Amino acid sequence: GVIRDHDVMIDRLHQEAALLGDPDTGALEHLISRLETERIAGRDRLVTELDDPSYQALLAELQEAAAQPPVADPWADLHELAAGEWRTLRKARTKLHRTFGKNPPNDELHELRIYGKRSRYAAELLPGKGDISAFLEALAGLQEVLGDHQDACVLEDRLRELVDEVGDPHAGIAAGRVIQGCRERRVAARAAYPAAWKRAEEAARKAFPD
């Protein structure tokens, strides 16, 4: 997850650096180099974990489980399972907005995306046709909106940290221009979120009629 975040941030900053122009481009490239160094260190830690014998043992266990998957309930209704995950997502959203109103905090909004993933993965166990296919498409759209919001939040927070670490006023100016873009993307994602949720809810009514 950490490396994925670095990949997203580095890619985004390269795009921003190309648009800013000097001297902001050079200042931003300095921050990018810091992130790339962090990514290399993170990748080294990841490779060390992957080379550990315990990871190889885990792969063997997963292969065995895939060949003979343990089943807690051989008569489980997959449709009801998917419907249950959707109800959990809907309940989480209701609680979120009852607690925080129309503009919940960033972390809590990101948590809703995690519930959305669970709902989507459960629905993917069903035949992807008709109403189920439309539901999966709507959930994917919701995840994309919330994912864009989260990526903008992560980049903004890390840029603020980097500026404090390097103590370079030129980097601060360049980062400020990018942070403004992050805020605009967050605003756009929050504006798109109600419609994305409405599409998911309408699709769910058809896929899982009460």
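The values are calculated or read from the model by the stated rules, or taken from the named source; none is laboratory data. These figures come from a predicted structure and were not determined experimentally. A quick note on method: Cβ atoms are made from the backbone with ideal geometry, for glycine too, and the neighbour counts reach across all protein chains shown. Heavy atoms of the whole protein, side chains included, go into the accessibility calculation; ligands, DNA and RNA do not. Shrake-Rupley method; radii C 1.70, N 1.55, O 1.52, S 1.80 Å.
Odds and ends about this structure:
- Just so you know, in segment 79-106 the residues that are hydrophobic (A, V, I, L, M, F, W, C) and open to solvent by 80 Å² or more (accessible area, probe 1.4 Å) include one that is nearest to residue 190 (Cα to Cα), and it is 100.
- Counting only residues that are more than 18 Å from residue 111 (Cα to Cα), modelled with pLDDT of 90 or more and open to solvent by 10 Å² or more (accessible area, probe 1.4 Å), segment 157-172 holds 3 of them.
- Matching residues, segment 88-118, being part of a helix (DSSP H, G or I), without any contact (Cβ under 8 Å) to a residue 12 or more places away in the chain and not aromatic (Phe, Trp, Tyr): 91, 94, 95, 97, 98, 99, 107, 114
- Scoring residue 32 on the criteria (1) open to solvent by less than 90 Å² (accessible area, probe 1.4 Å); (2) outside any helix (DSSP H, G or I); (3) closer than 30 Å to residue 176 by Cβ leaves a single failure, condition (2).
- Count of residues meeting criterion [in a helix (DSSP H, G or I), open to solvent by 50 Å² or more (accessible area, probe 1.4 Å) and of a type outside the set (D, E, K, R)] in segment 9-29: 4
- In the set (1) assigned to a helix (DSSP H, G or I); (2) farther than 22 Å from residue 7 by Cβ; (3) in contact with a Leu (Cβ under 8 Å, 6 or more places away or on another chain), residue 173 fails one condition alone, (3).
- Failed condition for residue 73, given (1) at pLDDT below 95; (2) part of a helix (DSSP H, G or I); (3) more than 18 Å from residue 189 (Cβ to Cβ): (2)
- Residue check, residue 209 out of contact with any helix residue (DSSP H, G or I) (no Cβ under 7 Å at 6 or more places or on another chain), within 30 Å of residue 139 (Cβ to Cβ), at pLDDT 95 or above and not hydrophobic (A, V, I, L, M, F, W, C): no
- Looking at 88, 94, just one residue is modelled with pLDDT of 95 or more, in contact with a helix residue (DSSP H, G or I) (Cβ under 7 Å, 6 or more places away or on another chain) and β-branched (Val, Ile, Thr), and that residue is 88.
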